[in-house]
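Here the structure comes first, spelled out in structure tokens, and everything after it is commentary.
The values are calculated or read from the model by the stated rules, or taken from the named source; none is laboratory data. Note that the structure is a prediction, hence the values are computed from the model and not measured. Glycine gets a Cβ as well: all are built from the backbone with ideal geometry, and neighbour counts include every protein chain shown. Protein only, heavy atoms only, side chains kept; ligands, DNA and RNA dropped before computing areas. Shrake-Rupley method; radii C 1.70, N 1.55, O 1.52, S 1.80 Å.
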Amino acid sequence: MLRTLVWTSSSLSPFLNAGDKTTFTSVFSLRRSEVSAQDDYRRLPKVRLHSTNAAAVVEPSTTSHDTDRSSTPTYPLNTSTPSSATPSSRWTALRSARPFSDFLTDTFNRQHDYLRISVTERCNLRCLYCMPEEGVPLSPPAHLLTTPEIVYLSSLFVSQGVTKIRLTGGEPTVRKDIVPLMRSIGELRRNGLRELCLTTNGISLHRKLEDMVEAGLTGVNLSLDTLDPFQFQIMTRRKGFEAVMKSIERILELNRAGAGIKLKINCVVMRGINDREIIPFVELGRDSPIEVRFIEYMPFDGNKWSQGKMFSYQEMLAVIREKYPSLEKVVGHKNDTSKTYRIPGFQGRVGFITSMTHNFCGTCNRLRITSDGNLKVCLFGNTEVSLRDIIRKENDGQPIDDAVLRELRLLETAQAAARIQNEGGEVNQREQELLGLIGMAVKRKKAKHAGMGELKNMKNRPMILIDSELFRSTTSKTTPASIPLHLLHTSPFKLQARHYHHKRSNPPDSRPEHEAEPTPTTAPASSSPSLPTTSDPDLPHLTPSQTVHMTQITEKPVTARTATASCLVHFSNARPYDLLRKGLTHKGDVFSVARIAGIMAAKKTPDLIPLCHPSIGITGVEVDVKLVAPGPGPLQGSQDPDSGMRYGAMRVLATVSCLGRTGVEMEAMTATVGAALTVYDMLKAVDKGMVIGDVQLLEKKGGKSGHWVRGEQVKG
């Protein structure tokens with residue numbers, strides 16, 4: 001049950017009629033009152049506020065209702081708000097309000113009032129498009145922002161005009177103190193914050209949702225890319241589909257009670273993976289007020305993006321309109337990231353985030369702070385500046401804890417910054433440095449991000465780390481010309497723009513890449529304990545003495561290499577073909593799951609085939625799975641000449657490419673067999689007599705043997 005909170009009318013006296021003694025017995029009742037008050041406030045002339053002069057917009061009582069959680073600190077804001085207010089006092093606040101902060105306004109007059117903060121780099125899933133399969137090395141805790149530092153930065157940005165904060169990750173719900181952190185940020189509502197949102201995968205959300213609502217949660221963006229539990233496990237490399245659906249249902253349940261949580265489900269659409277599920281996602285909104293937003297697949301470091309995998313916005317529209325021709329556009333807000341549509345009769349809506357084909361850079365109002373304290377002004381940009389170093393300067397570069405937060409009076413100085421600016425006073429040196437650096441970064445923001453052709457080759461953080469100092473970044477040798485000079489001599493830390501780089505920095509005992517390798521001293525052959533590395537001229541996996549070894553490839557040239565292989569899964573009765581043709585298989589989308597299995601098998605080839613070289617640098621794996629109609633031809637191993645394609649088959653084709661010293665023929669054939677075995681596994685309930693056969697290499701390119709095609713030798 002949701003905890004009951006009692007709020008008296010005196011705490012909302014600016015917005016209640018005289019003599020109104022209503023008691024609000026629920027956090028949801030309180031929220032409705034706040035919304036009503038804000039609606040009334042919005043009827044006044046439209047003026048953008050960033051001054052704390054208008055801090056009395058919403059002033060709920062902050063007497064503790066969390067005595068059972070007193071062990072985790074929150075950070076109360078020491079603003080002096082009048083106990084009562086009148087319409088005339090609100091008019092006075094409006095007349096005295098200053099323009100939107102220049103620090104958050106770029107050279108294209110875009111006002112950045114939306115801040116996304118990554119609160120962790122950890123995640124409990126391993127989504128294909130988000131995190132490299134091998135995971136990411138975690139940063140040392142001291143490199144990451146502490147809770148007091150996150151609250152301080154939130155307060156500073158709100159003082160400058162930010163009205164919406166979204167907590168992201170990693171997966172924010174895995175952070176142990178996420179609820180107390182949200183409670184502290186939620187208290188910034190009295191200073192002008194209007195929305196506190198969360199982006200989550202939903203695995204753990206249902207367990208913390210009620211506490212988050214009490215802390216001030218107003219919106220949830222939930223990432224979900226498939227409605228098939230089996231496909232979910234393939235795409236995320238983890239279980240948890242049922243937990244995600246439980247979180248969605250819990251949000252809808254609380255909204256029916258009046259919580260008012262804006263729920264959006266984000267689905268990254270990838271060709272050949274989940275593009276078949278567009279219509280089922282749309283139909284989630286038939287009877288529920290859910291907005292499903294389809295996202296074009298975007299390139300980030302480690303997610304193996306290719307244009308062929310991207311399913312465009314126009315293609316998605318065409319798929320939906322084929323079934324629902326009445327789909328119509330909805331007029332949105334100028335800062336919306338998605339193009340919104342509705343189907344008449346549906347409660348929910350459909351949105352499209354079109355970063356790749358129709359960018360929305362012209363109205364971008366978003367800034368990002370990474371979990372290691374870097375400010376990132378564009379999702380696709382690789383230039384970042386460190387705010388963390390300035391915050392920690394007065395603490396000898398050490399993380400800020402609760403005691404230091406109070407000792408340095410960080411929250412008080414952050415909240416006072418806007419007021420002092422308005423009055424023409426001198427802002428504290430720390431805030432002056434931070435705001436100067438923030439303003440510099442915002443002013444350098446480009447009109448729009450790079451195009452699709454440039455983005456796919458540009459180095460950027462893996463998506464899991466966008467919104468964490470996993471990487472070691474290179475630092476600029478030159479000082480950006482627009483950095484105010486007063487920033488450069490007051491801090492022992494170099495305030496430099498950081499550019500994402502895909503290589504880890506050299507450890508202390510390693511040499512720079514350009515330094516020549518020392519020439520090894522060669523011992524006399526007679527005293528060397530090394531084993532011989534030469535190979536048999538005909539069978540290179542054997543030594544001249546006919547013992548097995550892994551072929552030495554050091555002397556081979558690095559070339560572009562590709563290999564294509566195929567195989568067939570022959571059905572022994574008519575049911576598999578009929579079910580696949582109608583899309584009625586019980587275990588999920590056989591085609592998509594088999595493709596993914598083939599890709600994974602190609603990457604695991606060295607673990608399966610003993611003498612294959614590991615880490616050969618695969619640059620691409622393409623797997624195609626097609627249904628073959630029944631036809632003539634014997635089934636492999638059968639004496640019946642009519643047994644072959646009598647019932648149809650599945651044909652698997654795989655192409656693997658790399659830039660390396662050895663070929664990828666084994667990877668291509670392993671991919672086909674991995675996909676074929678997955679087909680068998682998913683269909684064995686209706687046909688245990690299937691036969692996997694005809695595994696063969698069709699073509700290989702690159703290397704000493706040149707270009708080879710089955711049935712002919714091509715000179716190359």
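A few comments on the model shown:
- Only one of the numbered conditions (1) open to solvent by 40 Å² or more (accessible area, probe 1.4 Å); (2) more than 24 Å from the chain's Cα centre (by Cα) is violated by residue 262, and that is (2).
- Search result, residues across segment 405-435 that are part of a helix (DSSP H, G or I), surrounded by fewer than 21 Cβ atoms within 10 Å (Cβ to Cβ) and of a type in the set (Lys, Arg): 406, 419
- Just one of the listed residues (360, 352, 380) is among the aromatic types (Phe, Trp, Tyr) and at pLDDT 90 or above, and it is 352.
- If the condition is being among the polar types (S, T, N, Q) and open to solvent by less than 10 Å² (accessible area, probe 1.4 Å), then segment 160-200 contributes 160, 168, 173, 184, 200.
- Residue match in segment 205-215 (condition: at pLDDT 95 or above and under 20 Å from residue 237 (Cα atoms)): yes
- Selection status of residue 207, out of contact with any helix residue (DSSP H, G or I) (no Cβ under 7 Å at 6 or more places or on another chain), open to solvent by 10 Å² or more (accessible area, probe 1.4 Å) and farther than 19 Å from residue 267 by Cβ: yes
- Filter pass, residue 663 being closer than 18 Å to residue 562 by Cα, in the same structural domain as residue 603 (by the TED database) and in a loop (DSSP other than H, G, I, E, B): yes
- Restricting segment 196-229 to residues that are of a type in the set (D, E, K, R) and closer than 16 Å to residue 255 by Cβ, the residue that is nearest to the chain's Cα centre (by Cα): 210
- With respect to the stated conditions, residue 393 fails to be among the basic types (Lys, Arg) and surrounded by 20 or more Cβ atoms within 10 Å (Cβ to Cβ).
- Whichever residue in segment 214-229 is open to solvent by 10 Å² or more (accessible area, probe 1.4 Å) and outside any loop (DSSP other than H, G, I, E, B) and, among such residues, is farthest from residue 292 (Cα to Cα): 214
- Residue within segment 656-673 that is at positive phi and modelled with pLDDT of 90 or more present: no
- Qualifying residue in segment 101-117 (condition: among the aliphatic types (A, V, I, L, M), modelled with pLDDT of 80 or more and assigned to a loop (DSSP other than H, G, I, E, B)): no
- Among the residues of segment 302-349, those that are assigned to a loop (DSSP other than H, G, I, E, B), of a type in the set (A, V, I, L, M, F, W, C) and either at pLDDT 90 or above or more than 27 Å from residue 252 (Cα to Cα) (or both) comprise 305, 311, 327, 330, 343, 346.
- Taking segment 118-141 as the range and being modelled with pLDDT under 95 and not in a loop (DSSP other than H, G, I, E, B) as the test, only 141 passes.
- Among the residues of segment 268-281, the ones that are at pLDDT 95 or above and in contact with a Lys or Arg (Cβ under 8 Å, 6 or more places away or on another chain) come to 1 in all.
- Of the residues making up segment 593-610, those that are modelled with pLDDT of 90 or more and part of a helix (DSSP H, G or I) are 593, 594, 595, 596, 597, 598, 599, 600, 601, 602, 603, 605.
- Residues satisfying the stated conditions in segment 647-656, i.e. within 34 Å of the chain's Cα centre (by Cα) and open to solvent by less than 30 Å² (accessible area, probe 1.4 Å): 652, 654, 656
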